[in-house]
């Protein structure tokens, strides 16, 4: 067993975002996302469900073209196929993301 800490080694990268895998289970991946003040706005359209919570900092997330300003504790469920973009983050933004793959058909 390894005990980890979400805030350990959470200094932001110089640019963009850093994705750290924390755990994987059958069809579920949990990752920590550390953001800088200058993320590259990237439009995501994923084939899996995602749930994210902002633990620290501030961020602006665009979902279906609608802008949402997020503060610590705010969380969002993004079903598969939901277009979303991280438009802006503070230099200390820290997220926890849970990715759930669809069940095999």
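Only the coordinates and a few stated rules stand behind these numbers; no lab work does. The model shown is predicted, which means the values in this text are computed figures rather than measured ones. Note that each Cβ is placed from the backbone with ideal geometry, even for glycine, and that neighbours are counted across all protein chains shown.
Worth pointing out:
- Ranked list, fewest to most other Cβ atoms within 10 Å of each Cβ, for 3, 100: 3, 100
- Computed over region 18-100: relative contact order in percent, which uses C-alpha pairs under 8 Å that are six or more apart: 42
- Contour minus Cα-Cα distance for residue 74 and residue 19 (0.36 nm per residue): 17.9 nm
- With one equal scatterer per alpha carbon and no solvent term, the Debye-computed log10 I(q)/I(0) for the chain at 0.14, 0.15 1/Å reads -0.53, -0.61.
- Taking the fewest neighbouring Cβ atoms within 10 Å as the starting point, the ordered list for 51, 95 is 51, 95.
- Nitroxide proxy distance, nm - points 7 Å out along Cα→Cβ at residue 42 and residue 6: 2.2
- Cβ-derived FRET efficiency at R0 22 Å, residue 92 paired with residue 64, nearest 0.05: 0.20
- Which of 74, 49 has the fewest Cβ neighbours within 10 Å, and the rest in rising order: 74, 49
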